[in-house]
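*Asks:* Here it is: the structure, laid out below.
The values are calculated or read from the model by the stated rules, or taken from the named source; none is laboratory data. None of the values given here were measured: they were computed from a predicted structure. Cβ placement follows ideal geometry from the backbone for every residue including glycine, while neighbour counts extend to all protein chains displayed.
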Amino acid sequence: MATEQLAALEALLFIAGEPVSTTQAAEVLNVGTSEATQLCQELADRYAARSQSGLLVQETAGGWRLCTRPEYGKLLAERYAPPLHLSKAALEVLAIVALQAPVTRQQIDGLRGVSSERTLANLLEKNLIMEIGRAELPGRPILYDVTPYFKRKTNWRDYYQKQGVNENDERTSSEID
């Protein structure tokens, strides 16, 4: 029975996404809080003994949680960083760049009706857009496009495939429509 309870506890910690209190674990497992504490500690000990595991069970102020081992933190943080929180203006500018690229700041400002200079700087800093050159227009304004990072994070290739458009197509959006 303890093996089954440990498996159920492991599943609970996996899907919870946040620390699970001993009381919550006791309710789910239909056991008392002291037995739930013992089960949590036993599961933590088992994970600690698995030197080849990338996971561990950790007691926190809020309860128990299943998490990655600290030594894998940097590796995972680079690939699975928390989602970016973008302002409404940033989302608007990003959508314009993504769908109209290559595009200049003046073109973006014209579509939005307000200056996008600071928003573009923030999107550049977050590696969502990039400068790809200069337009053959007076003043040679900078041309912007989305980054490979943006395309990877948003499955950009999937979007183009659904639209029946080749991502590297040189035609303008008006020719495609």
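*Asks:* Restricting the search to segment 55-73, which residues are over 17 Å from residue 14 (Cα atoms) and either among the polar types (S, T, N, Q) or in contact with a Gly (Cβ under 7 Å, 6 or more places away or on another chain) (or both)?
*Replies:* Across segment 55-73, the qualifying residue is only 72.
*Asks:* Tell me, please, whether a residue that is of a type in the set (D, E, K, R), surrounded by 14 or more Cβ atoms within 10 Å (Cβ to Cβ) and closer than 30 Å to residue 141 by Cα can be found in segment 90-101. Even if it seems obvious, please write down each step before you answer.
*Replies:* Within segment 90-101, the first condition is being of a type in the set (D, E, K, R), and the residues that meet it are 92.
Still in the running and surrounded by 14 or more Cβ atoms within 10 Å (Cβ to Cβ): 92.
From what's left, closer than 30 Å to residue 141 by Cα: 92.
Yes, segment 90-101 contains at least one residue that is of a type in the set (D, E, K, R), surrounded by 14 or more Cβ atoms within 10 Å (Cβ to Cβ) and closer than 30 Å to residue 141 by Cα.
*Asks:* Sort out which residues of segment 103-127 are at pLDDT below 95 and touching a Phe, Trp or Tyr at 6+ places or on another chain (Cβ under 7 Å), and write them in order of number.
*Replies:* If the condition is that a residue be at pLDDT below 95 and touching a Phe, Trp or Tyr at 6+ places or on another chain (Cβ under 7 Å), then 127 is the only one that fits.
*Asks:* Out of segment 61-73, which residues are of a type outside the set (Phe, Trp, Tyr) and surrounded by 11 or more Cβ atoms within 10 Å (Cβ to Cβ)? If you could, list the steps in order and put the result at the bottom.
*Replies:* First pass over segment 61-73, keeping only residues of a type outside the set (Phe, Trp, Tyr): 61-63, 65-71, 73.
Within segment 61-73, 63, 65, 66, 67, 68, 69, 73 meet the criteria.
*Asks:* Here's another thing I want to ask about it. Might you let me know whether segment 81-89 holds any residue that is within 30 Å of residue 140 (Cβ to Cβ) and surrounded by 11 or more Cβ atoms within 10 Å (Cβ to Cβ)?
*Replies:* For segment 81-89, residues within 30 Å of residue 140 (Cβ to Cβ) and surrounded by 11 or more Cβ atoms within 10 Å (Cβ to Cβ): present.
*Asks:* Name the helices (runs of 4 or more DSSP H) wholly inside segment 1-119 in which the number of residues that are touching a residue at least 12 places away in the same chain (Cβ under 8 Å) and small (Gly, Ala, Ser) is 3 or more. Please lay out each step first, then the result.
*Replies:* Details: elements: 2-16, 22-29, 33-49, 73-79, 88-100, 105-112.
Qualifying helices (runs of 4 or more DSSP H): 2-16, 88-100.
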